[in-house]
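Have a look at the structure below, then the notes.
The values are calculated or read from the model by the stated rules, or taken from the named source; none is laboratory data. Just so it is clear, the model here is predicted, and its values are computed rather than measured. Cβ placement follows ideal geometry from the backbone for every residue including glycine, while neighbour counts extend to all protein chains displayed. Surface accessibility is based on the protein's heavy atoms, side chains included, excluding ligands, DNA and RNA. Shrake-Rupley method; radii C 1.70, N 1.55, O 1.52, S 1.80 Å.
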Amino acid sequence: MSASFEHKVLKCKQTWRGFDYDRLEKELDELGRHGWQAVGTIAPAIGSGQTHEIVVVLTRSRD
């Protein structure tokens, strides 16, 4: 029997105050308590290379 996984994409958008890293950390901690594990990040660049969004890819085993 092969392992089965589910995935989630968590987006953190930049505001005029910058990225809310504290909120992102709290969300990741909460998702971790539910078995989610971050496996990658994406920071898409717009125009001159500036990033306005951070994307975290998470996975967990499907029971």
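Structural descriptor for the chain: relative contact order 49 percent, calculated from alpha carbon pairs under 8 angstrom and at least 6 residues apart. Label positions at ALA38 and GLU53, each projected 7 Å from the Cα along the C-beta direction, are separated by 1.8 nm. Protein heavy-atom surface of the chain, 1.4 angstrom probe: 51% of the accessible area is carbon and sulfur, with nucleic acids and ligands not counted.
Computed on protein heavy atoms with a 1.4 Å probe, the accessible areas place PHE5, PHE19 in the order PHE5, PHE19, largest first. Within a straight-line Cα-Cα reach of under 17 Å, LYS13 can be paired with the following aspartates and glutamates, leaving aside sequence neighbours fewer than 8 residues apart in one chain: ASP22, GLU25, GLU27, GLU53.
Taking the charge dipole of the chain about its Cα centre, with +1 at Lys and Arg Cβ atoms and -1 at Asp and Glu Cβ atoms, the residue from GLN37, THR15, THR59 reaching farthest to the positive side is THR15. With all protein chains in place and ligands, DNA and RNA left out, the 1.4 Å accessible area ranks ASP22, ASP63 as ASP63, ASP22, largest first.
Surface analysis of the chain yields an accessible area of 80 Å² per residue, using protein heavy atoms and a 1.4 Å probe.
Of the residues THR41, THR15, THR51, the one with the largest accessible area comes first in the ranking THR41, THR15, THR51, computed with a 1.4 Å probe on protein heavy atoms. The trypsin sites (Lys or Arg not before Pro) of segment 27-63 meeting both criteria, a DSSP state outside H, G, I, E and B (loop) and at most 16 other C-beta atoms within 10 angstrom of the site's C-beta, are ARG62.
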